[in-house]
Amino acid sequence: MSKKALITGITGQDGSHLADLLLKKGYEVNGIIRRASTFNTQRLEHIYQDPHTKNYIFRLHYGDLADANTIRKLIYKIDPDEIYNLAAQSHVRVSFDIPEYTANIVAMGTLRLLEAIKDYEEQTGHRVKFYQASSSEMYGSSPAPQNENTSFNPRSPYAYSKVFAFHCTKNYREAYNLFAANGILFNHEGPRRGETFVTRKITRGVARILAGLDKKIYLGNLDAKRDWGYAPEYVEAMWLMLQQPEPEDYVIGTGEAHSVKEFLELAFHYVGISNWQDYIEIDPRYYRPTEVDYLVADISKAKTKLGWQPKTKFEELVKIMIKHDLELQGLKEKAEQIKLS
Ligand code: NAP
Ligand code: GDD
């Protein structure tokens, strides 16, 4: 019998990569999707299976983290071995505009899931492993490098909601003996990254400028530093956390920080443009009321205990993303000039 996984947020960047990974490992993969007026499963098209297919092992179910009743019913129906909670209103800037909604999904949504799992375990005796998508944003203004012992100083509604969810996960582990682990992931990116996060906004913007569709990219704070890694490698770490003998919390990152400005310079450099400043305009609407200036991961624990370490570093990540966006704009020759290692 293959293992069964349930992924919330399966339509997102990480959810789609995790689905790829678990299908390759032979899991039956179940995902919760929200009803939308347009298709929201673009990132899953390559693995989509018609429900009429024989041995159908990739199953999508309608649900929402705001809806405890449906979550509970789905857990009983699917009977999963592992649950990965990746669903979130995940945009930090937007969380200042919609703080209550963000907290409802990110904080309360996690609590709803954990309560449902606790009940389910008590009723059925079936042990379910739980992964919580915690975030380096929780560190906020704490000095870098950050590790599992660094205190949280959240600087946004998104971040304080993630802190709540982190502590819920830890408390259900300690109070009810749930196998519940927090992955404290630093920023991770790639061609499937949402278009409004800064890395993708830049690589997409550069490609659109070259295609003659845009003249400028409008950005906010260029001085913030982030530890940017490659998303497909990070979902491997999520899976590893649930294969350990005991549930624990782990920091995942690259151990290198770069500024938004460095990302910009490099993205333009790979398409042969050195005067990148001519294509950038600062728009204060992209500033955050409170910013997180400097995040960089200390991944000693993950290296030792999980045997995990990043393979793709900053320069390669920028190349992968810019090459992909050039291809999307039909700029085949330009894309071919970028050689991946
Ligand atoms: P993402 O691309 O924004 O995906 C978020 C997912 O959550 C989407 O599938 C979205 O569905 C779903 N979702 C949003 N609201 C929901 C709701 N009310 N009920 C059910 N599903 C809902 O995010 P990501 O980059 O893949 O990140 C995955 C998780 O890791 C998130 O929890 C994020 O906060 C966390 N995280 C991300 C990073 C990073 O650098 N990427 C780092 C640390 C932690 P729709 O497609 O319908 O919108
Ligand atoms: N989005 C965005 N748009 N960010 C900008 C812009 C812009 O136009 N201009 C500058 N920035 C700066 C932000 O102020 C921030 O300091 C940095 O670029 C990164 O912003 P995002 O790409 O939006 O990511 P984030 O670090 O705020 O949050 C992401 O990483 C977290 C992990 O640390 C998200 O994926 C979160 O969900 C995740 O938890």
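The values are calculated or read from the model by the stated rules, or taken from the named source; none is laboratory data. Model, not experiment: these values are computed from the prediction. Cβ: placed from backbone, ideal geometry, glycine included. Neighbour counts: every protein chain shown. All accessible areas refer to the heavy atoms of the entire protein, side chains included, with ligands and DNA or RNA removed. Shrake-Rupley method; radii C 1.70, N 1.55, O 1.52, S 1.80 Å.
Would you confirm, using the coordinates I've provided, whether residue 154 is open to solvent by 20 Å² or more (accessible area, probe 1.4 Å) and closer than 15 Å to residue 90 by Cβ? Give the derivation first.
Working: open to solvent by 20 Å² or more (accessible area, probe 1.4 Å): yes; closer than 15 Å to residue 90 by Cβ: yes.
Yes: the conditions hold for residue 154.
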Notebook entry, point to check: List pairs: first in the stretch 203-222 and within 16 Å of ligand 1 (Cβ to nearest atom), second of a type in the set (Asp, Glu), Cβ under 8 Å, 6+ apart or cross-chain?
Noted result: 203/325; 204/195; 204/325
Checklist line | Any hit, the stretch 251-269, residues being open to solvent by 50 Å² or more (accessible area, probe 1.4 Å) and touching a residue at least 60 places away in the same chain (Cβ under 8 Å) | finding: no
Item checked: Single residue of the stretch 100-115 satisfying the filter (out of contact with any Leu (no Cβ under 9 Å at 6 or more places or on another chain) and open to solvent by 50 Å² or more (accessible area, probe 1.4 Å)) that is nearest to ligand 1 (Cβ to nearest atom) -> 101
Next item on the list: Spot the failing condition for residue 30; the list is (1) more than 13 Å from ligand 1 (Cβ to nearest atom); (2) over 20 Å from the mean Cα position of the chain (by Cα); (3) under 24 Å from residue 191 (Cα atoms), and only one is missed.
Entry: (2)
Checklist line | Search result, residues across the stretch 170-194 that are within 12 Å of ligand 1 (Cβ to nearest atom) and crowded, with 20+ Cβ neighbours inside 10 Å | finding: 182, 183, 184, 185, 186, 187, 188, 189, 190, 193
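Out of the helices (runs of 4 or more DSSP H) lying entirely within the stretch 23-114, which hold 1 or more residues that are in contact with a Phe, Trp or Tyr (Cβ under 6 Å, 6 or more places away or on another chain) and within 16 Å of ligand 2 (Cβ to nearest atom)?
Details: elements: 68-78, 92-97, 99-103.
Per the criteria, 92-97, 99-103.
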Next item on the list: Just name the residue that is farthest from ligand 1 (Cβ to nearest atom) out of those in the stretch 125-149 that are under 21 Å from residue 110 (Cβ atoms) and either among the acidic types (Asp, Glu) or free of Cβ contacts under 8 Å to residues at least 24 places away in the same chain (or both).
Entry: 148
Notebook entry, point to check: Do you know which residues across the stretch 138-151 are surrounded by 21 or more Cβ atoms within 10 Å (Cβ to Cβ) and in contact with a helix residue (DSSP H, G or I) (Cβ under 7 Å, 6 or more places away or on another chain)?
Noted result: 138, 140, 146
Checklist line | Among (1) farther than 30 Å from residue 178 by Cα; (2) in contact (Cβ under 8 Å) with a residue 40 or more places away in the chain - the single one residue 277 does not satisfy | finding: (2)
Item checked: Residue list for the stretch 299-325, restricted to those being within 16 Å of ligand 1 (Cβ to nearest atom) and either at pLDDT below 95 or farther than 20 Å from residue 199 by Cα (or both) -> 299, 302, 308
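Would you check if residue 21 is closer than 18 Å to residue 82 by Cα and near ligand 1 (Cβ under 9 Å from one of its atoms)?
Numbers: closer than 18 Å to residue 82 by Cα: yes; near ligand 1 (Cβ under 9 Å from one of its atoms): no.
No; evaluated as a whole, the condition is false for this residue.
Could you look through the stretch 117-137, keep only residues that are in a helix (DSSP H, G or I) and more than 16 Å from residue 86 (Cβ to Cβ), and pick out the one that is most open to solvent (accessible area, probe 1.4 Å)?
Checked the stretch 117-137; the qualifying residue most open to solvent (accessible area, probe 1.4 Å) is 123.
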